[in-house]
Amino acid sequence: MIFKEGILEGKTALVTGGGTGIGQAISLALARAGCDVALASRDPAHLDETRALVETLGRRSIAMACDVRDAALVDALVARVAGEWNRLDVLVNNAAGNFLCPAEKLSPNGFRSVIEIDLVGTFQCSRAVFPLLSVRGGSIINITSTLDYQGVPMQVHAGSAKAGIDAMTRHLASEWGPRGIRVVAIAPGPVGDTEGMRRLGGGREAAIAESIPLRRLGRRDDIASMVVYLASDAGAWITGTSIVIDGGQRLKSSFLDVQA
Ligand code: HXC
């Protein structure tokens, strides 16, 4: 973590999927930066460790089970944050679902499940926090992916959802900017030690790392550091855009790469 501790002193954040993987790194980075952190996950067992770590860092924490597909649960989550802290400065829409599946074998419900977690969930959380965020201004940070920029097999569901979140980022940034709310997306490339890599990487981590110009997988803190930057005054004029963090991985598909 390259930021001065306390850069977000006195602020509060809500991180969906905040107990594991990239979400856990984001929660802890925000806590180190001075935030109280509310964590949500479908599985409450995913939250205990991160909640304890946030509190060890001297910050308050709320841990609540919430499936972001369920608008009533999202509203209850935000009502709890409002009731206990009476403020919110940062929402990180990090919860996501994914699996590899050929498009022609993907059931409509499989497609819908991922759209509902990623895209509908991001909207429902953003909508629910609007009244709190608009009191003092704040930021919404959406975690997307670089896969939808490239168009890859077996990811039509997740890629479509992430592309929708990119569009939502621009629309909400435009609409809520005048209310003091910045909306930014972070598009990570392949990040190690995550559920996504376990599901998509298929044990090829070393080869994937070798294919990346910076010759390593992303670290969870590569993403978390950008969240802190964007949530802080350092990012005060950044909105409505997607920031790629991928070690240059997306650059590696030129037709000149094809071997004769
Ligand atoms: C094909 C599958 C499938 C698979 C589920 N489905 N897994 N289809 N291949 N491997 C189908 C089911 O058959 C069902 O359709 C529908 O999806 C819903 O499945 P459920 O198991 O009932 O859903 P649910 O319990 O709600 O689980 C949601 C999930 C699951 C998305 C399907 O994978 C999940 O909970 N994932 C959470 C964690 C996760 O994925 N994290 C990694 C994120 S990585 P039918 O028709 O049978 O009813 C990431 C990287 C971004 O986001 C990359 C973006 C491009």
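Scanning the range 62-98 for residues that are among the basic types (Lys, Arg) and either in contact (Cβ under 8 Å) with a residue 60 or more places away in the chain or closer than 16 Å to residue 18 by Cβ (or both) yields 80, 87. Is the range 224-239 home to any residue that is in contact with a Pro (Cβ under 8 Å, 6 or more places away or on another chain), among the aliphatic types (A, V, I, L, M) and either in contact (Cβ under 8 Å) with a residue 24 or more places away in the chain or open to solvent by less than 60 Å² (accessible area, probe 1.4 Å) (or both)? Taking every residue of the range 224-239 in turn, none turns out to be in contact with a Pro (Cβ under 8 Å, 6 or more places away or on another chain), among the aliphatic types (A, V, I, L, M) and either in contact (Cβ under 8 Å) with a residue 24 or more places away in the chain or open to solvent by less than 60 Å² (accessible area, probe 1.4 Å) (or both). The number of residues in the range 108-117 being buried (at least 16 other Cβ atoms within 10 Å of the Cβ) and either more than 7 Å from the ligand (Cβ to nearest atom) or in a strand (DSSP E or B) (or both) comes to 3. The lone criterion from (1) on the phi > 0 side of the Ramachandran plot; (2) in a strand (DSSP E or B) left unmet by residue 37 is number (1). In summary, residue 135 fulfils each of the numbered conditions (1) within 20 Å of the chain's Cα centre (by Cα); (2) surrounded by fewer than 16 Cβ atoms within 10 Å (Cβ to Cβ); (3) among the β-branched types (Val, Ile, Thr) with the single exception of condition (1). The helices (runs of 4 or more DSSP H) located wholly in the range 150-223 that include 1 or more residues which are free of Cβ contacts under 8 Å to residues at least 24 places away in the same chain and among the acidic types (Asp, Glu) occupy 156-176, 205-210.
Taken as a whole, the range 86-107 holds no residue that is open to solvent by less than 40 Å² (accessible area, probe 1.4 Å), part of a helix (DSSP H, G or I), more than 16 Å from the ligand (Cβ to nearest atom) and within 19 Å of residue 35 (Cα to Cα). Residues that are away from the ligand (no atom under 14 Å from the Cβ), part of a loop (DSSP other than H, G, I, E, B) and open to solvent by 10 Å² or more (accessible area, probe 1.4 Å) occur at least once in the range 49-58. Annotation: residue 137 fulfils all but one of (1) within 29 Å of residue 251 (Cα to Cα); (2) in contact with a strand residue (DSSP E or B) (Cβ under 9 Å, 6 or more places away or on another chain); (3) more than 8 Å from the ligand (Cβ to nearest atom); the unmet one is (1). Taken together, the criteria place residue 121 among residues that are surrounded by 22 or more Cβ atoms within 10 Å (Cβ to Cβ) and of a type outside the set (S, T, N, Q). Looking across the range 155-193, the residues that are among the hydrophobic types (A, V, I, L, M, F, W, C), in contact with a Lys or Arg (Cβ under 9 Å, 6 or more places away or on another chain) and within 13 Å of the ligand (Cβ to nearest atom) come down to 185, 187, 191.
The values are calculated or read from the model by the stated rules, or taken from the named source; none is laboratory data. The structure presented is a predicted model; accordingly, all values stated were derived computationally and were not measured. A quick note on method: Cβ atoms are made from the backbone with ideal geometry, for glycine too, and the neighbour counts reach across all protein chains shown. Ligands, DNA and RNA are stripped out before the accessible areas are found, and what is left, the full protein with its side chains, is counted by its heavy atoms. Shrake-Rupley method; radii C 1.70, N 1.55, O 1.52, S 1.80 Å.
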